[in-house]
Amino acid sequence: MAVRLFVRLLAHLRDDLLGQLRDWGRDGSAWPRRTWSKRPPRHRLAAQALTLALLALGLGSLDARGRLAARLPSPLDWRALTALLERDARPDDLVAISPPWLERARQAVPARLPLLATGALDAEWLPGVRRVWLVVASGVTTPGPHLPLVGRTSSSDTQQVGRLRVTRLDLASPEFPLASLTEQGNLPTHWRDVQGVARRCLELASGPGALAHLPLPKLLLGGALAGHAALEPRSATGPARLLVRVDDEPAIPVEVTPRGGWQPFRIDTSRFAGTSHSVTVEAETPAGATLCVEALLLP
């Protein structure tokens, strides 16, 4: 008797369970249709999706910032860099930092050393520099296939200072100028941002049909007058012309385009080397534009 009752109970439970499953199946197929029919307006859905995307982006940014901070050099690393440069750097050395936004390096590098923040060290002229100390935040920068200034260095030495990789690059043929036009003429200079790098330069601005003139004394010339020029802003309506004349010789023109960046120029003065001559530097620039010029006298 008890066994029969138990079998009936199991059969009843089975039938009840199957009935519930059938009901769930019917409800499950109808649920998407009911939900779709009650969906919010499209503009509200778009606003919700945008809110969720911004929330995810913000959380991702906070996480990335935290992970980046953990890979940056520590205060102890910066103090070690200061001690290293104070001990080993020489007067003709330069410090280059990578990545360029590693601004903390400006506090760690001794004030007596010039500092260059650029991602294109290979393109730099580096007059008056004998050695370059390349300071790289190794935790946030992937090293390239070769060191910068390849082909221009005679030797290099790399050491790890905490999370900083410091490489001393000895230039094979450093170029030391005789003087700069700024020094010779006692001319005022200004700092300009050219392609993301602060450049100290002479400024010339004239306008169409006019010439800007640099007052210069007689100069003791060497083998060349060389330097760089950039036209700012980059939205200038046309190119500028830099005109260099020695004594009464015909002027030598140098064209500087608005988007040319820090453009190099070199004027041969070897036939005047070792003697003093009158040098005239003039410029014609588009309206509202300024020519930023660095010029050095080379041996």
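The values are calculated or read from the model by the stated rules, or taken from the named source; none is laboratory data. Only a predicted model underlies this, so the values are computations on that prediction, with no experimental measurement involved. We place every Cβ from the backbone using ideal geometry, glycine too, and count neighbours over all the protein chains shown.
A few points about this structure:
- Scanning segment 270-299 for residues being farther than 12 Å from Glu203 by Cα and either hydroxyl-bearing (Ser, Thr, Tyr) or without any contact (Cβ under 8 Å) to a residue 24 or more places away in the chain (or both) gives a total of 6.
- Residue, surrounded by the fewest Cβ atoms within 10 Å (Cβ to Cβ), within segment 240-299, restricted to residues that are basic (Lys, Arg) and closer than 25 Å to Leu126 by Cβ: Arg259
- Qualifying residue in segment 221-230 (condition: farther than 22 Å from Phe176 by Cβ, under 32 Å from the mean Cα position of the chain (by Cα), among the small types (Gly, Ala, Ser) and surrounded by 14 or more Cβ atoms within 10 Å (Cβ to Cβ)): yes
- Restricting segment 98-148 to residues that are β-branched (Val, Ile, Thr), touching a strand residue (DSSP E or B) at 6+ places or on another chain (Cβ under 9 Å) and part of a loop (DSSP other than H, G, I, E, B) leaves a set whose member that is nearest to Leu84 (Cα to Cα) is Val109.
- Within segment 91-109, restricting attention to residues that are charged (D, E, K, R) and out of contact with any Phe, Trp or Tyr (no Cβ under 9 Å at 6 or more places or on another chain), the residue that is modelled with the highest pLDDT is Arg106.
- Among the residues making up segment 251-279, a single one is on the phi > 0 side of the Ramachandran plot and either modelled with pLDDT of 95 or more or more than 33 Å from the chain's Cα centre (by Cα) (or both): Gly274.
- Pairs linking a residue in segment 149-160 that is without any contact (Cβ under 8 Å) to a residue 40 or more places away in the chain to a residue that is part of a loop (DSSP other than H, G, I, E, B) and surrounded by fewer than 12 Cβ atoms within 10 Å (Cβ to Cβ), with Cβ atoms under 8 Å and 6 or more positions apart or on different chains, are Arg152/Ala172; Arg152/Ser173; Thr153/Ala172; Ser154/Ala172.
- Scanning segment 29-41 turns up no residue that is modelled with pLDDT of 85 or more and charged (D, E, K, R).
- Subset of segment 149-160 that is of a type in the set (Val, Ile, Thr) and in a strand (DSSP E or B) - its residue that is farthest from Arg71 (Cα to Cα): Thr153
- Any hit, segment 176-196, residues being of a type in the set (Phe, Trp, Tyr), under 16 Å from Asp93 (Cβ atoms) and assigned to a loop (DSSP other than H, G, I, E, B): yes
- Of the residues Gly223, Gly128, Gly144, the single one that is out of contact with any Lys or Arg (no Cβ under 6 Å at 6 or more places or on another chain) and assigned by TED's automatic domain parsing to the domain that holds Pro286 is Gly223.
- Checking Leu171, Leu214 one by one, the residue that is in contact (Cβ under 8 Å) with a residue 60 or more places away in the chain and surrounded by 16 or more Cβ atoms within 10 Å (Cβ to Cβ) is Leu214 and no other.
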